[in-house]
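A short write-up of the structure that comes next.
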Amino acid sequence: MTDDSSEFLVRTPAPGQLPSPSVTQPPEPYDVLIVGAGPSGSLAGYAAAHAGARTLVVDRSEFPRYKTCGGGLIGSTLAALPDDVEVPVQQEITRASFTLAGGRHFERSGGGRILSLVNRADFDTALLHAAKSAGAQIRTGVTVTAVAEADDLVTVTTTQGALRARAVVGADGSAGRVGRHVGVRLRQTDLGLEAEVAPDAAAREAWRGRVHLDWGPTPGSYAWVFPKRDVLTAGVIMAKGHPAETRRYLADFLSQQGLSHLETVRASGHLTRCRTGDSPLGRGRVLVAGDASGLLEPWTREGISYAVRSGRIAGVCAARLAQGQLTPSEAVASYTEAVGAQLGREMAAGERALRAFERHPRAFHTMLRTAAGWRVFTEITRGDTTLAQVLRHRSARIGLAALNRW
Ligand SMILES: Cc1cc2nc3c(=O)[nH]c(=O)nc-3n(C[C@H](O)[C@H](O)[C@H](O)COP(=O)(O)OP(=O)(O)OC[C@H]3O[C@@H](n4cnc5c(N)ncnc54)[C@H](O)[C@@H]3O)c2cc1C
């Protein structure tokens with residue numbers, strides 16, 4: 001194997017695909033090795049390469065690859081992306097409709113775009129291309145099976161041989177291996193199920209620019225329809241451990257939304273996980289970002305903004321560690337501090353909202369009917385504010401505390 005990134009240009013990839021050279025013998029140590037090329041891994045690769053680190057991003061899949069996800073980008077996600085990333089938006093959303101456990105429907109709009117919807121395969125490939133353009137090497141079809149540290153180096157065992165680096169970022173998602181090495185602790189795991197259905201002409205028209213949210217039958221559960229260019233993504237999320245109930249909720253939801261008769265072009269599921277407030281974000285020369293670290297909005301289970309923001313910070317800290325500007329403990333401490341200041345506060349606010357929502361979904365549903373409730377909802381989705389900032393207001397704090405006591 002050579003370390004030369006020009007090697008990636010040897011094979012001619014299919015249109016839109018990233019090439020995947022084989023890894024056959026141990027390279028010289030990389031500065032930064034990133035495991036996983038989802039949003040957190042690509043942003044870590046982008047940031048580390050920008051900081052001048054010799055960076056390699058590996059992923060077990062070939063790209064473009066499918067990812068079970070609604071593909072909803074809130075304003076905080078868009079704001080955290082590098083300027084040179086062209087986001088492949090499929091639908092700009094300006095309207096939202098709501099039901100409570102499949103009951104009466106109401107719709108709200110006003111104030112412009114509230115969400116941008118992407119196909120994750122396209123979006124993730126665009127981010128990976130940005131990392132590559134920043135100077136990161138990319139190797140796909142490489143599955144990491146073990147991580148070990150010795151003599152100021154991390155050795156990562158892969159299905160294509162061993163790789164060594166001065167710093168590693170684990171961005172390998174909610175079922176990843178690197179989180180286990182770091183000792184990530186979780187307090188909430190949910191199961192998300194999705195069906196991608198092919199809209200007919202009537203459905204295409206009815207869903208243009210609109211998403212739907214249903215507050216579900218079990219505590220903390222909810223469902224969505226997110227329209228893309230060629231498919232409607234219908235999904236549900238519910239606490240892990242109730243697979244039959246989760247499947248039934250998706251089937252009922254499709255029927256309530258008049259989508260049961262449409263062809264399901266893909267059905268899939270994936271776990272989402274939230275870390276405990278004191279879960280480690282690094283160990284030695286290894287940092288974890290995005291889903292691998294359990295960074296996720298506990299109420300909505302929105303995770304892309306957490307992935308891109310934590311990935312970017314992890315990439316910078318890993319580069320500074322590899323370049324000798326930080327010791328391993330300083331790198332972990334500085335990453336933990338930055339993540340805590342930005343994302344820890346947001347997760348704590350989401351956790352309080354989830355507790356209230358689990359007990360009183362009707363209160364949330366009713367609030368969205370009001371002008372003030374809709375304004376807060378759209379300000380959050382647009383990224384003009386965050387739930388944590390909203391909860392700094394005395395009236396919001398008192399309202400949520402009352403719901404949590406009630
Ligand atoms: C049903 C559902 C709907 C969702 N909808 C939304 C939404 O609309 N908006 C939103 O913001 N969030 C949503 N999320 C959450 C969002 O999908 C995740 O938070 C986000 O993908 C996290 O990005 P990531 O880069 O950390 O991990 P991932 O996107 O999971 O990427 C991890 C990468 O690591 C690779 N990998 C895994 N293991 C290995 C290994 N051993 N070796 C090498 N590579 C490996 C994988 O192939 C993958 O490419 C949803 C989640 C679910 C389950």
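The values are calculated or read from the model by the stated rules, or taken from the named source; none is laboratory data. Quick caveat, the model's predicted, so the values are computed rather than measured. With ideal geometry, Cβ positions are generated from the backbone for all residues, glycine too; neighbour counts draw on all protein chains shown. Just so you know, the surface numbers come from the protein's heavy atoms only, side chains and all, with ligands and any DNA or RNA stripped out. Shrake-Rupley method; radii C 1.70, N 1.55, O 1.52, S 1.80 Å.
Per-structure values
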{"read-out": "Residue match in region 285-298 (condition: surrounded by fewer than 22 Cβ atoms within 10 Å (Cβ to Cβ), in contact with a helix residue (DSSP H, G or I) (Cβ under 9 Å, 6 or more places away or on another chain), of a type in the set (S, T, N, Q) and closer than 28 Å to residue 150 by Cα)", "value": "no"}
{"read-out": "Test: residue in region 41-55 that is of a type outside the set (Gly, Ala, Ser), in contact (Cβ under 8 Å) with a residue 60 or more places away in the chain and within 11 Å of the ligand (Cβ to nearest atom)", "value": "yes"}
{"read-out": "Pair list, Cβ under 7 Å, 6 or more apart: region 23-38 residue more than 24 Å from residue 130 (Cα to Cα), other residue at pLDDT 75 or above and part of a strand (DSSP E or B)", "value": "24/161; 25/161; 26/161; 26/162; 26/164"}
{"read-out": "Residue 61 being buried (at least 17 other Cβ atoms within 10 Å of the Cβ), under 30 Å from residue 255 (Cβ atoms) and in contact with a strand residue (DSSP E or B) (Cβ under 9 Å, 6 or more places away or on another chain)", "value": "no"}
{"read-out": "Strands (runs of 3 or more DSSP E) contained entirely in region 173-281, each with at least 2 residues that are open to solvent by 40 Å² or more (accessible area, probe 1.4 Å) and on the phi < 0 side of the Ramachandran plot", "value": "186-197, 264-275"}
{"read-out": "Residues that are more than 8 Å from the ligand (Cβ to nearest atom) and among the β-branched types (Val, Ile, Thr), drawn from region 268-299", "value": "276, 286, 288"}
{"read-out": "Sole exception among (1) among the hydrophobic types (A, V, I, L, M, F, W, C); (2) surrounded by fewer than 20 Cβ atoms within 10 Å (Cβ to Cβ); (3) more than 13 Å from the ligand (Cβ to nearest atom); (4) farther than 30 Å from residue 148 by Cα for residue 333, by number", "value": "(4)"}
{"read-out": "Residue check for residue 307: open to solvent by less than 60 Å² (accessible area, probe 1.4 Å), out of contact with any Pro (no Cβ under 6 Å at 6 or more places or on another chain) and part of a helix (DSSP H, G or I)", "value": "no"}
{"read-out": "First in region 145-164 and without any contact (Cβ under 8 Å) to a residue 40 or more places away in the chain, second anywhere and of a type in the set (Asp, Glu), Cβ under 9 Å, 6 or more apart", "value": "155/149"}
{"read-out": "Region 162-172, subset surrounded by 15 or more Cβ atoms within 10 Å (Cβ to Cβ) and over 17 Å from residue 317 (Cβ atoms), residue farthest from the ligand (Cβ to nearest atom)", "value": "164"}
{"read-out": "Residue match in region 145-159 (condition: open to solvent by less than 50 Å² (accessible area, probe 1.4 Å), under 21 Å from the mean Cα position of the chain (by Cα) and either more than 9 Å from the ligand (Cβ to nearest atom) or among the charged types (D, E, K, R) (or both))", "value": "no"}
{"read-out": "Residue list for region 119-136, filter: closer than 21 Å to residue 196 by Cα and surrounded by fewer than 24 Cβ atoms within 10 Å (Cβ to Cβ)", "value": "119, 120, 121, 122, 125"}
{"read-out": "Any hit, region 90-101, residues being open to solvent by 10 Å² or more (accessible area, probe 1.4 Å), of a type in the set (Lys, Arg) and in contact with a strand residue (DSSP E or B) (Cβ under 7 Å, 6 or more places away or on another chain)", "value": "yes"}
{"read-out": "The lone exception for residue 80 - which of (1) of a type in the set (Gly, Ala, Ser); (2) more than 28 Å from residue 379 (Cβ to Cβ); (3) surrounded by 18 or more Cβ atoms within 10 Å (Cβ to Cβ) it fails", "value": "(2)"}
{"read-out": "Elements of type helices (runs of 4 or more DSSP H) contained in region 338-406, each with 2 or more residues being under 30 Å from residue 280 (Cβ atoms) and either of a type in the set (A, V, I, L, M) or open to solvent by less than 60 Å² (accessible area, probe 1.4 Å) (or both)", "value": "345-359, 387-390, 394-405"}
{"read-out": "Pair list, Cβ under 6 Å, 6 or more apart: region 310-330 residue free of Cβ contacts under 8 Å to residues at least 60 places away in the same chain, other residue more than 16 Å from the ligand (Cβ to nearest atom) and open to solvent by 60 Å² or more (accessible area, probe 1.4 Å)", "value": "326/320"}
